[in-house]
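Presented below is the structure to which this report refers.
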Amino acid sequence: MRIAILADIHGNLTALDAVLADLRQQKPDVVYHGGDLAFGGCNPSEVIDCILQEGWKGVLGNTDEMLWDTSARPGLETAAPKLKSLFKVLFDISGPATCRMIGETRLAWLRTLPTELQFENQGHENLALMHASPGNLWRAPMDTADDEELKNTYTPVGAEIIVYCHIHRPFIRKVGSMTVCNTGSVGAPYDGDPRASYLLIEDGRPAICRVAYDVEKEAARLLASDYPQKEWIAEMRRKGSYLPPRENT
């Protein structure tokens with residue numbers, strides 16, 4: 001059984017097209033997505049339409065949910081006051097713009113996504129997929145987390161293979177009887193490698209797949225668009241790293 005899981009596309013159609021081409025070579029039996037599909041790029045509608053056309057099942061991400069539910073904002077700003085400028089971009093600027101771009105039908109589809117998928121004895125591995133952590137779309141261990149944090153976060157899920165997304169930094173680690181995996185990001189890697197990233201699990205053995213794509217083509221698409229904060233996003237695409245939001249972009 002070959003299972004591909006990709007996530008955090010963030011409206012980057014150029015990267016998604018490259019990953020699709022790679023998937024045609026890899027020929028997985030099934031593909032799932034881990035959320036954060038539309039926000040943060042200039043082709044949010046096309047990304048959602050592609051996933052619908054491919055028929056991939058998946059889970060809800062935090063920047064999917066924030067398109068209709070901003071209730072997490074006060075707690076986020078209290079917990080991380082230094083990220084207030086980022087939350088302003090998310091909730092006040094690019095989030096509303098993304099919502100307008102995708103329209104009501106695509107938004108309604110996003111609202112149907114579950115927060116977790118778990119598979120066992122269905123031709124799959126004993127596998128759980130979520131965007132961040134159980135019961136929380138916004139908080140997840142970083143790739144630098146120690147084994148104890150990973151164990152405390154994901155043992156209650158009760159799966160042998162845990163797959164999460166959200167941090168845009170791929171890794172695979174054996175923690176006790178669990179294997180904890182992060183898919184990395186298709187459209188917005190933060191580990192210093194601008195290539196798209198996804199997870200491929202073959203007969204219970206997970207591996208990270210990196211796919212080069214035309215980053216300059218995507219940057220040109222962004223800069224020619226009306227998407228808010230486009231210069232900031234284009235710079236992050238090129239660097240493959242997170243940067244604080246720019247003012248007045």
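The values are calculated or read from the model by the stated rules, or taken from the named source; none is laboratory data. This is a predicted model, so every value here is computed, not measured. Every residue, glycine as well, gets a Cβ built from its backbone with ideal geometry; the counts of neighbours run over all protein chains shown.
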By residue number, the members of segment 157-178 that are hydrophobic (A, V, I, L, M, F, W, C), closer than 20 Å to W138 by Cβ and not in a loop (DSSP other than H, G, I, E, B) are V157, I162, V163, F171
Filtering segment 231-247 down to residues that are under 19 Å from the mean Cα position of the chain (by Cα) and modelled with pLDDT of 95 or more yields W232, I233, A234, E235, M236, R237, R238, K239, G240, S241, Y242, L243
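Out of all the residues in segment 23-36, which are surrounded by 18 or more Cβ atoms within 10 Å (Cβ to Cβ) and within 19 Å of R195 (Cβ to Cβ)? If you could, list the steps in order and put the result at the bottom.
Quick first cut of segment 23-36, residues surrounded by 18 or more Cβ atoms within 10 Å (Cβ to Cβ) only: 23, 31-36.
Across segment 23-36, the qualifying residues are L23, V31, H33, G34, D36.
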With criteria (1) of a type outside the set (S, T, N, Q); (2) surrounded by fewer than 20 Cβ atoms within 10 Å (Cβ to Cβ); (3) at pLDDT 95 or above; (4) within 23 Å of R205 (Cβ to Cβ), H124 comes up short on (3)
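Kindly indicate which of A219, A145, A207 is outside any loop (DSSP other than H, G, I, E, B) and surrounded by 14 or more Cβ atoms within 10 Å (Cβ to Cβ). First the steps, then the outcome.
Values: A145 fails: outside any loop (DSSP other than H, G, I, E, B); A207 fails: surrounded by 14 or more Cβ atoms within 10 Å (Cβ to Cβ).
Result of the check over A219, A145, A207: A219.
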Q: Determine whether G204 is modelled with pLDDT under 95 and within 23 Å of P141 (Cβ to Cβ).
A: yes
Practice task
Return yes when F87 is in contact with a Ser or Thr (Cβ under 9 Å, 6 or more places away or on another chain) and under 23 Å from R246 (Cα atoms) and no when it is not.
Solution key: no
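Sort out which residues of segment 5-18 are within 25 Å of S94 (Cα to Cα) and either surrounded by fewer than 24 Cβ atoms within 10 Å (Cβ to Cβ) or not charged (D, E, K, R) (or both), and write them in order of number.
Within segment 5-18, L6, A7, I9, H10, G11, N12, L13, T14, A15, L16, D17, A18 meet the criteria.
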With criteria (1) at pLDDT 95 or above; (2) among the hydroxyl-bearing types (S, T, Y); (3) in a helix (DSSP H, G or I); (4) loosely packed, with under 15 Cβ neighbours inside 10 Å, S85 comes up short on (1)
Here the residues within segment 182-200 that are part of a strand (DSSP E or B), buried (at least 23 other Cβ atoms within 10 Å of the Cβ) and touching a Lys or Arg at 6+ places or on another chain (Cβ under 8 Å) are N182, A196, S197
**Request:** Test R205 against the stated conditions and say whether it is farther than 22 Å from T14 by Cβ and of a type in the set (K, R).
**Result:** yes
If you go through E77, E46, the only one that is among the acidic types (D, E), modelled with pLDDT of 95 or more and more than 19 Å from the chain's Cα centre (by Cα) is E77
